[in-house]
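Working notes, structure below.
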Amino acid sequence: MDLPIGHVPELDGLRGIAILLVLLFHSAQHVFAFGWMGVDLFFVLSGFLISSGLLRCVGRPHFFRDFYVKRALRIWPIYFLLLGVVFIALPPLLGSDEPSGWMSYLLYVQNFAHPLSTPEGLGQLWSLAVEEHFYLIWPVIVFVLSRRGVDRCALALIVAAPLARLLLIATGAPAWTIYYLTPCRVDALALGAWLAVHVSKRESTREQLRRWSAPIAVSCTAAAIPLAICFGGDAMNGTVPALHPNLRAALLTLTAFAGAGCVGYALASGPTRISRLLRNRVLGYFGKISYGMYMYHALIFAAISRKLESASSKTGSLPTHCLRALLEIGATVLVASVSWYALERPVLGLKALLRPRVVSAGPTLVHAPVTQNPLRDA
C-alpha cells in the first residue's frame, strides 16, 4: 500500500504534542526539563511538509512566487503583529524603554544576534529564524537538483550539522551557539526533507517505513529524555555551561532522529492505537493552532506570572505553580484560537488567488500548461 502524500491527520496530532511539550517546558521546566525537544519535532515536521510541497510543485509555473507568498501569508501576520506589540505598543503602556534589537528580527538574524538577551515575549522567535533560513535556500536546491541530488543534499546536511556543533565546541565558542545557530540545527529540518524525498517516491510501503521508524523513535526518545532531564533546560540552551558539551551536542542529534522516527511512524502507522491517539480531536486542534500558541505563549506567560507574583506572596508553592501553568496554557489556547479564526484563517484564504487559472475554450476547459524544469531530469 502506497503512502499518503496529502493531508495526514496524525501529523496534526504530532504538532499538538510538540506545542504542548514547549508550553509545559516554559511553564514548568523543573518537571518537564525535556520539553524543549518539541522544537526539534517542529523542525522535522517543517522539513517534511515543506519538502513534500516543493517536490509536488516543482515544474509548475510560478514555483518560487507561490512558495514564498504562501510562506509569507502563513508566517508574517502573527510575526509582525507580535513585533509591533513588543516594540511599539507595550513600552508606552508599561512605562518602559523601547527594547533594542528590532532590526535583527526584521532581518531574521535574531538567533545569531542575541538569543540569550531577547525582549520579553520574543525568546521563542530564534526557531523561526532557523526555519526562515531553511526556506530561503531549500526551494532553490529542490528546483535545481534532481530528486537524487535533493536526497544527497539532505544527507549531507544531516551529517554536517553535528560536525558543526563539534567544531564550535572544539574552538571554544560560547555554549549557546550549538543550540541556536542555523548550521547547528539544520539536521532536524534535513531529516524531515530526506523523509519527504523517500515518501514522495511512493516506493516504500507502510510496513517498510514502520520497520525502521518505530525502533528509531522509541530508542532515540528513550535515550534523549533522561539525558535532557540530566542536563536541564538552561544547560541545553547555553544559559549555563554544560559539564559534558560533546554529550550535549550528541543529545541534539538524538532528538532530531527521535523526531524523524516519530514522523515516519505517524505516516506509516495505519490503524493502530498510536494512530488513533494522534487523531485525537483535541491534539489535532492544538496542532491546527500550534503556530499561534507558539508565537503568543511567551508574552502571555510573562504577563500571568507578573500578575500572580504581585497578587500572592506564595509564589513558590505547588498550588501556585499548578494554577499558573493552567492559566498560562489556557490563556494561550484562547488567544491562539481567536487569532486563528480572526486573523490566520482569513489570511490563509488568500492562497486561493495563487491557484492555476482555468481558461475556457469552447465546450471544454483548458488548464494553463505546466512547464518542466530541465535541470531536474539531469
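Any read-out appearing in this document is the output of simple, stated calculations on the displayed coordinates, not a laboratory observation. This one's a predicted model, so the numbers in the text were calculated from it and none came from an experiment. Ideal geometry is used to build each Cβ from the backbone, glycine not excepted, and the neighbour counts take in all protein chains shown.
Tabulated data for the structure shown
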{"item": "Dipole magnitude (debye, nearest 20) for region 9-114, charges at Cβ of Lys, Arg, Asp, Glu", "result": "500"}
{"item": "Inter-part distance where region 142-191 and region 1-63 are each reduced to a Cα centre, Å", "result": "18"}
{"item": "Residue order, fewest to most beta carbons within 10 Å, for W194, W176", "result": "W176, W194"}
{"item": "Cα-centre dipole for region 9-377 with unit charges at Cβ (Lys and Arg positive, Asp and Glu negative), debye to 20", "result": "1280"}
{"item": "Mean Kyte hydropathy of -0.5 or more with a Cα span along the axis of at least 24 Å, helices from DSSP in the chain", "result": "9-27, 37-57, 63-84, 126-144, 147-170, 182-200, 206-231, 245-268, 290-311, 318-339"}
{"item": "Of F257, G123, G13, farthest towards positive along the dipole that unit charges on Lys, Arg, Asp, Glu beta carbons give region 9-377", "result": "G13"}
{"item": "Fully extended contour minus Cα-Cα distance, from K351 to T239, at 0.36 nm per residue", "result": "36.3 nm"}
{"item": "The chain: C-alpha gyration tensor shape, a/c 1.5 cut-off, then a/b vs b/c", "result": "prolate"}
{"item": "Cα centroid separation, region 339-353 to region 234-307 (Å)", "result": "25"}
{"item": "Per-residue Cβ neighbour rank within 10 angstrom, fewest leading, Y341, Y285, Y180", "result": "Y341, Y285, Y180"}
{"item": "Extension reserve of the L277-L334 stretch, reckoned as 0.36 nm per residue once the Cα distance is removed", "result": "18.2 nm"}
{"item": "q = 0.20, 0.23, 0.26, 0.27 Å⁻¹, region 127-172: log10 I(q)/I(0) [Debye, one scatterer per Cα]", "result": "-0.78, -0.89, -0.97, -0.98"}
{"item": "Relative contact order %, the chain, counting alpha carbon pairs below 8 Å whose residues are six or more apart", "result": "30"}
{"item": "The chain, helix-only ellipticity at 222 nm - DSSP H runs n ≥ 4, -39,500 (n - 2.57), divided by all residues, nearest 500", "result": "-22000 deg cm²/dmol"}
